[in-house]
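Rule-based calculations on the coordinates, nothing more; no lab input. This one's a predicted model, so the numbers in the text were calculated from it and none came from an experiment. Note that each Cβ is placed from the backbone with ideal geometry, even for glycine, and that neighbours are counted across all protein chains shown.
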Amino acid sequence: MTILDIAGVHKWYGDYHALRNVSLRVDAGERVVICGPSGSGKSTLIRCVNGLAAHDAGEIVVAGETVSDDPAALRRIRTRVGMVFQDFNLFPHLTVLQNCVLAPMRVSGLSAGKARDMALALLDSVRIAEQADKFPGQLSGGQQQRAAIARALCMQPEIMLFDEPTSALDAEMVKEVLDIMKALARAGMTMLCVTHEMAFAREVADRIVFMDEGQILEVADAQTFFTDPGHPRTRVFLDKISL
């Protein structure tokens, strides 16, 4: 079953053509990694999927719901899509637990008790249950990102979007976040990840999407992508990075 269908999407920022006729489908249970050089449109695309950036042409359908500027439709989409940002985006004035229960209670209508039980279970699954009553500023970067993943999972999403979730972390903290993402992949979570972590992509991705200058130039399974890429620009990109 298709969870995400992106068809002929364009996005402009003034005269800058950020996305050029982008099409991509993601099926339930699939793990798709988007990679490419900086400025290639990766983050713009993933933000368009969640309605955080408005696309100017084409169509994006998430779990049967068309992404548009209709506030009610966007609310429905965001109850079914989890989003993890590179800079965590936790509310600094709320504890980790309060960050996690806010949306399930306000958006999904869960009782305080049920939301708390679910949040604590998910914080335990990302190995920071003991940090539940701390504020984000009291946590390391890796702990904050794991809290952000737990918060997204509290909405029981059908697909998780990751926008360079390790780019703001130092090397020591990257592994702890990637380990959680690998566990989600093993559990069958549908994932669309923008990342520069190529070892993670090789291990986890069912398909890898390569973007440059706002276009998708190549889509391939991980084995083919790393050993026999079809597009010359992909080969140049892989030659310049360490795997």
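Observations on the model:
- Counting lysine pairs in the chain whose alpha carbons fall under 26 angstrom apart, excluding pairs fewer than 8 residues apart on the same chain, gives 9.
- Chain lengthening between residue 25 and residue 76 when straightened (0.36 nm per residue, less Cα-Cα): 16.4 nm
- Each Lys and Arg contributes +1 and each Asp and Glu -1, all at the Cβ; summed about the Cα centre of segment 91-243, the dipole is approximately 440 debye.
- Pairwise FRET efficiency - residue 13 versus residue 87, Cβ, R0 = 30 Å, nearest 0.05: 0.90
- Degrees between helix 171-186 axis and first principal axis of the chain (Cα, 0 to 90, nearest 10): 90 degrees
- Across the chain, C-alpha contacts under 8 Å between residues 6 or more apart give a mean separation that, scaled by the residue count, equals a relative contact order of 26 percent.
- The simple spin-label model puts a point 7 Å past each Cα toward its Cβ; for residue 66 and residue 227 those points are separated by 4.3 nm.
- Max mean-square fluctuation residue, GNM over the chain, Cα-Cα springs under 10 Å, options 110, 192, 102: 110
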